[in-house]
Every structure is written in structure tokens, then in C-alpha cells.
Amino acid sequence: MKTFVAIKYVPDTSEAEINLDSTGMGVDTSRFSFDINEADNYAVEEAVQIKENHGGSVSVVSIGPQDSEVTIRMALAKGGDNAIRIEDSRIFEHDPLAVAKVLASSIKDQECDLVMTGCMANDDGNMSVGVALAEELGVPHAAMVKQVEVLDGKVRAHRELEGGLMEVVELTLPAVLTIQTGINEPRYAPIKGIRQAKKKELKVMSLDDLGLPADQVDESASKIKLNQMYIPEVEAKAEFIEGEDAEEKAVKLAEVLKKGGLV
Amino acid sequence: MGDVFVLIEHRQGELRDINWEMLNMASQVASDFEGEVVSVLLGSGVDDFADKLSGACSKVLYVDDPKLENFNADMYQKVLSSLIDEHKPTIVMVGHTASGVDLAPALAVEKDLPYLTDLIELRNEGGKPVAVRQYYQGKVNAEFSFADADTYLFTIREAAFEPIEPAQKGSVEKVESPVKEEIDYRKFVEYVEAEIGEVDITQSDMLIGIGRGVKEDKNMPMMEELAQLFSADLCGSRAAVDSGWLPHDRQVGTSGKSVKPKLYFAVGISGAFQHLAGIKGAKTIVAINKDANAPIFAEADYGVVDDLFKVVPKLVEELKEG
């Protein structure tokens, strides 16, 4: 099984306040630490497990800056065999269809049985790149996959629907799966793997190297146009419990809960 | 013309709630585009759905075919593609749901449509659509406009709009499927129901919901102690379940359970919309989070902005003292 895993390098904004950058068209990410997108981490693990159980290879592909190479190397340390990092400032990354087109151009001429990527990126939440990539490659797909069984020339995928229900589908290979978090337990990179990863091939490519004309994936090519970004006013319905410090707030919260008959 | 197509979602004999939300949004938009709202119902022997939907739109376009009994993204894509060619709707709305995101991106690529996901707002400016979606789990909004096109494809956020109150009598047009061939490269096999655990959180009166902010497994005893004081059951966000702190049947949100307790006490949950959709039925929501801008505070009745590892131990102490 020759597998490609597409990963994204994203800022961890889960517990932080966000500010816009000076252009108003982007977010100031300078204070954030970046790492592999959560669902992509599960996709890497799934790809490595499939290689361990069925043989084959795992290629990592990512669009990102040079700093993201640490993250790509980490995926190689966990069992990836080689990687492509695509960097080209002309790619209009707000458009998931443009991103899919770029990824497709890096995969389409290579031998490939399976492509996996996270079902959602934590920064833009589009949930679209993997399925668009399948259409670009002209292969079947399943989105939000939480269990994978490799069969002969086929793959059986359990898609996570609402309310805990699973939809089981069978796809002929090659195919694209978008992976949902919780499908497995992503491993930590072993020390030996980290050492080996340094020697593995990591190719850096531009749009020109990919043979993809920029005017197919740049801002002018996109059918969506970002007008502005803004921080939404959280209509805080909540009555905030104020206090000098955490302890005082806790005491007041206890009073509120008791008074409300909630405890 | 300017019609708005709403792709209807149904599963295991039920129409999903997102339909009524999308129909409401569509009815607000359609008049702006001088068009009508058309429910696009793909199914087999679901005349009762068509009848029900006709109360909430101008027309139900019902494609009745045994091949459409269960959702299949590829079959849906072929049928929709053909309907778009034939009817040229201005807007096609698909839920930003497990079915929707399995279908819409491929359709957008195939038809080369302007495509935007997870809309929370859509309006007409000078005859053209302008839409708003969010980044970073609801912390940033982004407004988009579009290249001129005959048809625009949007996925719509779940639970972002009130359901429509059916108040009209639309027509039902039942048609044969434009797609005759079977699809052999993707096959629906079966549905697998979620396992039922020892506690049914949909029936719990008191719930402590935990999230990513709890950080580590070793902090769970603190949460368990808190739950005991409230005689509450523990549940949580996707992050808490993925981290292995809670079993799957304790997950609250669109992909988990919808709960309706007297008290929902959210600890370290920032409030991704998927989670918030699951706690709409809670009577009182209390939240502790470090980030004052966390979306959970838009839903909570009482909020504490602080470090949960300082607030919770003191709260436990206070409650123990009675």
C-alpha cells in the first residue's frame, strides 16, 4: 500500500485570545506555537499503522513555510518514508479548492493507493480539502473516517455521522480518506525514528517545480474573495463572576450555585 | 431566475433538523435574489417527507429512486450536478454536516462553482452574494464576496439559524433520477449504531462538561470530585474523548449527544460550535475558561474567567463546607 498523507502546519489558538494583523486580512500568529493540525496527526498515525500491517510506504506532503519542516520531520520520525514540502506565496490558501489543486499536482503522477488527510483544519475549519482532492485526482473518497479496514483492492471506511452513528462504506482503491480525530492513538516519535528522519528525503517544491501554473491557484484564479476579517463580538450572555483572584471568584460562584439551587 | 436550492438531509427514516434551519435561511435570502426556495429531496419512497417539506418552501423537487435510499456522496453528486444544469439555481445550500462535507467539495470542483463553507451569514449586496464564515473555532469572522457565476455553492453551519415555521403550501414535483447507472466505486454497506454505555447523559439532570483545558489525565480526579459534589455525571467535548479521559458515549455535540440537564457546568471548554449545538437544551450553563472571548460565554448564564486549576479546588472546598 503506497499512501500519501497531507498535513497542515497550524497555530495553536485553542486557549488564546486572537488579534488581527495590521492588514485586517489575516491573524497575528506571531505569539502562537505551531504544530501539525490535530486531525492530520491522526491521519499520519493511521497511515503508519497501515504500512506496519500491510507493507508499503508513507509519503508526507504539506504546503507550508520552512519552519514547518520540524513538523514534517516529526511525521517522518513516526514512520513516514519521504516528504514533499510545497512553498509558494502565490497559493491562495483561503480557498480549499486551490489547496486541493496544489496537493493533487504533487500526487497525481505518482503511484498511489491511498491518500489520507485530517477531516478538518483547526485554523480554517473548511473540512473540504480532502474531498476536493479526491475529485481532482478522479478517485472515490469518504469523509470523517473513524475506522479503516484494508481489503483486497478496496478499503472499508466507517464514517462518523451525527449522534455517534457510523456509516460504513466500501471504496475501490485508489481512494482518499479524510480522517476524524479519535480514530487511533497517535504515537510519540521514538528517539531512533527522530534520528533516522533527519536522513529521509524532504523535497521542497514551488508551483513551478510542480508544473502547476500559478494563475490556476492564486488569488486571481479563486472564485472567492476575502473582503475582511474581524473579531466577532461575543454577545456574552453570561453574567461574569468578578473577583480579586480565582479564589474569590470560586467563593462567589459557590454562592450563586447554592442560591440557584443548582448544587 | 434566482432560485435557492436546499439539499435535504434525511437518515434512517428521519428528516434532520438542519433542513428547517437551512430553509429558514433560504427563505430570507431567496426574496433578495428574486427567486424561490426549492427543497431538493433525494430518496426512495419518501412521499411523506416531500409533503412535510412542502409546508416550508415554494417547491419540493423530489427525485425518487431506489438508488437514493441511503446517502451516497457520489450518487448525490451526480444527481445534483444534473439538476444544477437543468434548473440553474442561483444558490445551492448544503449542510456543513457529515453528509454535506462528504459531498459539497467534490461538487464544487466538478462544476467549478464559487464555494464557501460553514456559513453563518448570507446576504445580497447589489445583486451579489456576500457571506460570512469563521476561522479559529469561532474566534475570527471573515467576510467573502464571489466571482460572478450562475450558481454558488455554500455549506451552512448547523444550529446557526432558527428552524422555519412551516406556513405555506408549496408544490411537490416528483421526478425520475437523471442518473441511470449504478456506482460501483463507492458502496453503502450499513449503519452501525453507537454503543450504549452505563450512563445515558441525555437523561442526566446535572452534567459537568470537561474540555481541552483539563489538559491531562492526572487532572481527572479533580473533575470526578467536582461531579460527585453536584451528583452530576461527567461528559465532555470531542477533545476530552479523543484524549481518552472519557468514553465515547460521554461526548456532547453534533457528533455525540445532545443534552438537556438542569445544570451544565463547562470546565475548560472553549465552545466550538459543534459542542454548543449539543447543549442548547441545558437550562442553566455555567462556564469556567481562561479566555474571556471563548464562545462558550455566549451561551453560558454564569461565567468565570480564570484558571480552572485555581477555581475548581477552591469551589470544591467551598461546596464541601456546605
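A compact table of results
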{"read-out": "FRET E, pair A:Glu111, A:Arg187, Förster distance 25 Å, beta-carbon r, rounded to 0.05", "value": "0.45"}
{"read-out": "Gain in span if fully extended, A:Leu165 to A:Lys199, counting 0.36 nm per residue against the direct Cα distance", "value": "7.9 nm"}
{"read-out": "Positive dipole terminus of region B:4-175, leading residue within B:Val79, B:Val46, B:Val101 (C-beta point charges)", "value": "B:Val101"}
{"read-out": "Low-density loop positions, trypsin sites (Lys or Arg not before Pro), region A:1-73 - DSSP coil, at most 12 other Cβ in 10 Å", "value": "A:Arg31"}
{"read-out": "5 angstrom amide H check on A:Val176, placed H, neighbours 5+ away", "value": "A:Val115, A:His141, A:Ala142"}
{"read-out": "Cα gyration tensor category, rounded, prolate or oblate, for chain B with a/c compared to 1.5", "value": "prolate"}
{"read-out": "Inter-probe distance in nm under a simple model that places probes 7 Å from Cα toward Cβ, at B:Glu162 and B:Gln28", "value": "1.0"}
{"read-out": "Centre separation in Å (Cα based) which lies between region A:92-114 and region A:1-45", "value": "18"}
{"read-out": "Extreme residue, positive dipole direction of region B:201-320, given options B:Pro295, B:Asn219, B:Ser231 (C-beta unit charges)", "value": "B:Pro295"}
{"read-out": "Estimated vicinal HN-Hα couplings, Hz - region B:248-265 in sequence order (Karplus 6.51, -1.76, 1.60; Gly, Pro = x)", "value": "4, 6, 9, 7, 9, x, 4, 8, x, 9, 9, 10, 9, x, 5, 10, 10, 9"}
{"read-out": "Residue mean of other protein chain beta carbons inside 10 Å, A:117-123", "value": "2"}
{"read-out": "Within 10 Å of each Cβ in A:167-173, the average number of Cβ atoms from other chains", "value": "6"}
{"read-out": "Residue (of B:Tyr264, A:Ala121, A:Val148) at the positive-pole extreme of the protein assembly as shown, dipole from beta-carbon charges", "value": "A:Val148"}
{"read-out": "Under the Karplus curve 6.51 cos²θ - 1.76 cosθ + 1.60, θ = phi - 60°, whole-Hz ³J(HN,Hα) for region B:79-91, x wherever Gly or Pro sits", "value": "5, 4, 4, 5, 5, 5, 4, 6, 9, 6, x, 6, 10"}
{"read-out": "Point-charge dipole on Cβ atoms (K/R +1, D/E -1) for region A:2-158, about Cα centre, debye to 20", "value": "480"}
{"read-out": "Crossing angle, helix B:18-30 versus chain B [Cα axis fit, 0-90 degrees, rounded to tens]", "value": "60"}
{"read-out": "Peptide B:48-58 - average C-beta neighbours from other chains (10 Å radius)", "value": "0"}
{"read-out": "Length gained when the stretch B:Glu69-B:Gln203 is fully extended (0.36 nm per residue, less Cα-Cα span)", "value": "45.1 nm"}
{"read-out": "Rounded to the nearest 20 debye, dipole of chain B from Cβ charges on Lys, Arg, Asp, Glu", "value": "720"}
{"read-out": "For region B:92-158 versus region A:46-76, the gap between their alpha-carbon centres in whole angstrom", "value": "31"}
{"read-out": "Interchain or long-range residues, amide H under 5 Å from A:Lys154's placed H", "value": "A:Leu173"}
{"read-out": "Principal-axis tilt of helix B:308-320 within chain B, Cα atoms, nearest 10 degrees", "value": "60"}
{"read-out": "Value of [θ]222 nm, deg cm²/dmol, for the protein assembly as shown, DSSP H segments ≥ 4, -39500 (n - 2.57) each, nearest 500", "value": "-7500 deg cm²/dmol"}
{"read-out": "Three-way shape label, region A:97-192, alpha-carbon gyration tensor, a/c 1.5", "value": "rounded"}
{"read-out": "Estimated dipole of chain A in Debye, rounded to 20 [Cβ of Lys and Arg +1, of Asp and Glu -1, Cα centre]", "value": "1000"}
{"read-out": "Cross-link reach list, aspartates and glutamates versus B:Lys169, counting only Cα pairs under 12 Å and skipping chain neighbours closer than eight places", "value": "B:Asp51"}
{"read-out": "Longest exposed-site-free window of chain B, the sites being GluC sites (Glu not before Pro) in a DSSP loop that have at most 15 other C-beta atoms within 10 Å", "value": "B:70-175"}
{"read-out": "Neighbour-count ranking [beta-carbon atoms within 10 angstrom, fewest first] of A:Lys146, A:Lys200", "value": "A:Lys200, A:Lys146"}
{"read-out": "³J(HN,Hα), Karplus 6.51/-1.76/1.60, whole Hz, each residue of region A:31-36, x for Gly, Pro", "value": "8, 9, 8, 10, 7, 4"}
{"read-out": "Ascending count of other beta-carbon atoms within 10 Å, so fewest first, for A:Met25, A:Met229", "value": "A:Met25, A:Met229"}
{"read-out": "Neighbour-count order for A:Tyr188, B:Tyr115, fewest beta carbons within 10 angstrom listed first", "value": "A:Tyr188, B:Tyr115"}
{"read-out": "Interchain or long-range residues, amide H under 5 Å from B:Val172's placed H", "value": "B:Val60"}
{"read-out": "Of the trypsin sites (Lys or Arg not before Pro) in region B:147-191, those whose Cβ has at most 14 other Cβ within 10 Å and which sit in DSSP loop", "value": "B:Lys169, B:Lys180"}
{"read-out": "Rounded if a/c under 1.5, otherwise prolate or oblate - region B:201-320, Cα gyration tensor axes", "value": "rounded"}
{"read-out": "In region A:62-122, GluC sites (Glu not before Pro) in a DSSP loop with at most 12 other beta-carbon atoms within 10 Å", "value": "A:Glu111"}
{"read-out": "Net length gained if the chain between B:Tyr191 and B:Lys174 were fully extended (0.36 nm per residue, minus Cα distance)", "value": "3.4 nm"}
{"read-out": "Lysines with Cα under 21 Å of A:Lys108, excluding same-chain neighbours fewer than 8 positions away", "value": "A:Lys2, A:Lys8, A:Lys51, A:Lys154, A:Lys203, B:Lys111"}
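FYI, it's all coordinate maths here, none of it is from the lab. Note that the coordinates shown come from a computational prediction; the quantities given were computed from them, not determined experimentally. As a convention, Cβ positions derive from the backbone with ideal geometry for all residues, glycine included, and neighbour counts pool all protein chains shown.
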